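**Student:** Just passing along the structure, written as structure tokens.
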Amino acid sequence: MKQNQKVMNISAAILVAFTGHMATADSMVFTSWGGTTQDAQKKAWAEPFAAASGVSVQMDGPTDYGKFKAMVDSGNVAWDVVDVEYDFAFKAAKDGLLEPLDFKVINKNSIDKRFLTSHAVGSFYYSFVLGYNKANFKGTQPTTWADLFDLKKYPGKRTFYKWSAPGVLEIALLADGVPANKLYPLDLDRAFKKLDTIKSQIVWWSGGAQSQQLLASGEAPIGMFWNGRIHALQKSGTSVGVSWDKNLTGADMLVVPKGTKNKAAAMKFLAYATGADAQAKFATETAYAPVNPAAKAKLPADMMKLMPDQYTKSQINMNMNYWSENRDIIAKRWYAWQAQ
């Protein structure tokens, strides 16, 4: 766990403008997925928020849903704001695991309504894309999800997201020829049958940083990735390619666990993190799209070309309502299949 240093040499005027009153020393814990994404959240949100508010922000991670639920159930909540996947946010709200958001503090009118509920607010908007290590595919390069399942034409290990969540099953069905507008409800039998064809060649990644390591090293030279993770590798000079064909969109959400001891600070953090400036800074660092529409005007032109909303021609929006309603059923079958 790393702790940001509070920046104390700022004027009282700035504090009053941000908080409405003189901020007092306080602290909170922000939990996310680690790697380059959390580094960017720290730089774009946590550090400047600490400077503006006087609230010290500790960083923790990676996000763990089992730990999240255990904290709330026990009443011993150590996290104050957590970056989670959208379907988990839906389900967690229904299960009473989240604090309702305070819209007297958070400006809900500034946020894209697709990424706003009574208990969760958007963190960022992303796409799952096909990524590959160019060193392993010097001839014809992969471009479709079907190529990801073609072991003869594109040999080697493939990497997929480990957890039961939107993405992998949709990709399997698309690779098997299911039209985008016929994906839901998911045909689980067909999806698992397709995954069986490459199961022995799958290397699972449990977090974004691990996905980057697998791709960059060539251990798994092709797979599904969050678009921002591919961008980070390209920015570092790693020779990786990307295909946006039938990219699958989703969003991460920011939530406050039920029973947090720092609820006021958490709400202020959410207000700051979803502001136009903070969202623009994060998007510039990561190539994940902002959930505050006003942030787009603040982005460099070259960054806009890297955003998921620039690749809408064959884009597919994953159905988070379906996943929230079927999450437990799918998870039971998913983990049983992985263990076989």
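**Student:** Short version: ³J(HN,Hα) in whole Hz for each residue of segment 27-40, in order, from phi by Karplus 6.51 cos²θ - 1.76 cosθ + 1.60 (θ = phi - 60°), x for Gly and Pro, what are they?
**Tutor:** 8, 7, 10, 10, 10, 8, 9, x, x, 5, 5, 5, 4, 5
**Student:** How many lysine pairs does segment 21-107 hold where the Cα atoms are under 21 Å apart and the two sit 8 or more places apart or on different chains?
**Tutor:** Details: Lys67/Lys91; Lys67/Lys94; Lys69/Lys91; Lys69/Lys94.
So the count of such lysine pairs works out to 4.
**Student:** Label Gln338 and Asn317 with points 7 Å out from Cα along Cα→Cβ: what is the distance between them in nm?
**Tutor:** Using points 7 Å along Cα→Cβ, the separation is 2.9 nm.
**Student:** Largest first, please: the extent of the C-alpha atoms of segment 160-292 along each principal axis, to the nearest Å.
**Tutor:** Result, largest extent first: 50, 39, 27 Å.
**Student:** Roughly how many Å² of Arg327 are accessible to a 1.4 Å probe, to the nearest 10?
**Tutor:** 30
**Student:** Non-local amide H neighbours of Phe225 (under 5 Å, H modeled in plane, Pro and chain starts lacking H): which ones?
**Tutor:** So Phe225 has HN proximity to Val129, Gly131.
**Student:** Go ahead and run the numbers for FRET between Lys153 and Lys182, Cβ-Cβ distance against an R0 of 35 Å, rounding to 0.05. Please report the intermediate quantities before stating the final value.
**Tutor:** On the way: r = 26 Å, r/R0 = 0.73.
Once rounded, the FRET efficiency stands at 0.85.
**Student:** Given the options Tyr86, Tyr65, Tyr272, state which has the largest fluctuation in a GNM of the chain using a 10 Å cut-off (strictly under) for Cα springs.
**Tutor:** In this elastic network of the chain, the residue with the biggest mean-square fluctuation among Tyr86, Tyr65, Tyr272 is Tyr65.
**Student:** Classify segment 234-340 as rounded, prolate or oblate, taking a ≥ b ≥ c as the square roots of the eigenvalues of its Cα gyration tensor: rounded when a/c is under 1.5, otherwise prolate if a/b is larger than b/c and oblate if not. Intermediate values should be presented prior to the final figure.
**Tutor:** Working: a/c = 1.99, a/b = 1.10, b/c = 1.81.
Oblate is the answer for segment 234-340, as a/c is 1.5 or above yet b/c matches or exceeds a/b.
**Student:** Sticking with this one: First select every other residue whose beta carbon is under 13 angstrom from the beta carbon of Ile329; then total the charges, Lys and Arg +1, Asp and Glu -1. Intermediate values should be presented prior to the final figure.
**Tutor:** Numbers: positive: Lys91, Arg327, Lys332, Arg333; negative: Asp87, Glu325, Asp328.
With Lys, Arg at +1 and Asp, Glu at -1, the neighbours total +1.
**Student:** With springs only between Cα atoms under 10 Å apart, run a GNM on the chain and tell me which of Ala220, Ala297, Ala46 wobbles the most.
**Tutor:** Ala297
**Student:** Let me ask you something else. Over the chain, what relative contact order in percent results from Cα pairs under 8 Å that are six or more residues apart? Each step should come with its number before you reach the end.
**Tutor:** Values: 620 pairs, mean separation 88.7, N = 340.
Once normalised by length, the contact order is 26 percent.
**Student:** State the antiparallel share, in %, of DSSP beta bridges confined to segment 24-182, rounding to the nearest 5.
**Tutor:** Values: 1 of 9 bridges.
Looking only at bridges with both residues in segment 24-182, the antiparallel portion is about 10 percent.
**Student:** In segment 285-330, what is the volume of the convex hull around the alpha carbon atoms, normalised per residue and reported in Å³? Before the final figure, lay out the partial values.
**Tutor:** Working: hull volume 5.4 nm³, N = 46.
Enclosed volume per residue, from the Cα hull, is 116 Å³.
**Student:** In whole Å, how far is the Cα centre of segment 215-284 from that of segment 89-133?
**Tutor:** 13
**Student:** Can you tell me the order of 329-339, 249-259 when each peptide is scored by its average per-residue count of other Cβ atoms within 10 angstrom, highest first? Before the final figure, lay out each step's value.
**Tutor:** Details: 329-339: 13.3, 249-259: 23.4.
Going from most to least packed, we get 249-259, 329-339.
**Student:** What net charge do the residues around Leu306 carry, taking every other residue with its C-beta under 14 Å from that of Leu306, with Lys and Arg at +1 and Asp and Glu at -1? Don't jump to the answer; show the numbers that get you there.
**Tutor:** Numbers: positive: Arg229, Lys235, Lys296, Lys305; negative: Glu285, Asp302, Asp309.
Once all neighbours under 14 Å are counted, the net charge is +1.
**Student:** Need one number: % antiparallel among DSSP beta bridges in the chain, to the nearest 5. Before the final figure, lay out the partial values.
**Tutor:** Details: 25 of 41 bridges.
So the antiparallel bridges amount to about 60 percent of the total.
**Student:** Another question, if that's okay. Specify, per residue and in Å³, the volume enclosed by the convex hull of the alpha carbon atoms belonging to segment 57-200. The partial results should precede the final answer.
**Tutor:** Numbers: hull volume 26.1 nm³, N = 144.
Taking only Cα atoms, segment 57-200 has a hull volume of 182 Å³ per residue.
**Student:** Now, a different point. Given H placed on each backbone N at 1.01 Å, which residues far from Phe124 in sequence or on other chains put an amide H within less than 5 Å of it?
**Tutor:** Correct list: Asp252.
**Student:** Below 8 Å between Cα atoms, with a sequence gap of 6+, how large is the relative contact order for segment 89-194 in percent?
**Tutor:** On the way: 63 pairs, mean separation 17.5, N = 106.
Worked out over segment 89-194, it gives 16 percent.
**Student:** I would also like to ask the following. I'd like the FRET efficiency for Asp309 and Trp204, computed as 1/(1 + (r/R0)^6) with the beta carbon distance as r and R0 of 45 Å, rounded to 0.05.
**Tutor:** With R0 = 45 Å, the Cβ-Cβ based efficiency is 0.95.
**Student:** Then there is this: What whole number of Å gives the distance from the Cα centroid of segment 190-206 to the Cα centroid of segment 49-84?
**Tutor:** After rounding, the separation between the Cα centres reads 33 Å.
**Student:** Beyond 37 Å, what share of the Cα-Cα pairs of the chain remains, rounded to the nearest whole percent?
**Tutor:** Values: 10192 of 57630 pairs.
That tail contains 18 percent of the Cα-Cα pairs.
The values are calculated or read from the model by the stated rules, or taken from the named source; none is laboratory data. The model shown is predicted, which means the values in this text are computed figures rather than measured ones. Cβ: placed from backbone, ideal geometry, glycine included. Neighbour counts: every protein chain shown. Calculation scope for accessible area: heavy atoms of the full protein, side chains included, ligands and nucleic acids excluded. Shrake-Rupley method; radii C 1.70, N 1.55, O 1.52, S 1.80 Å.
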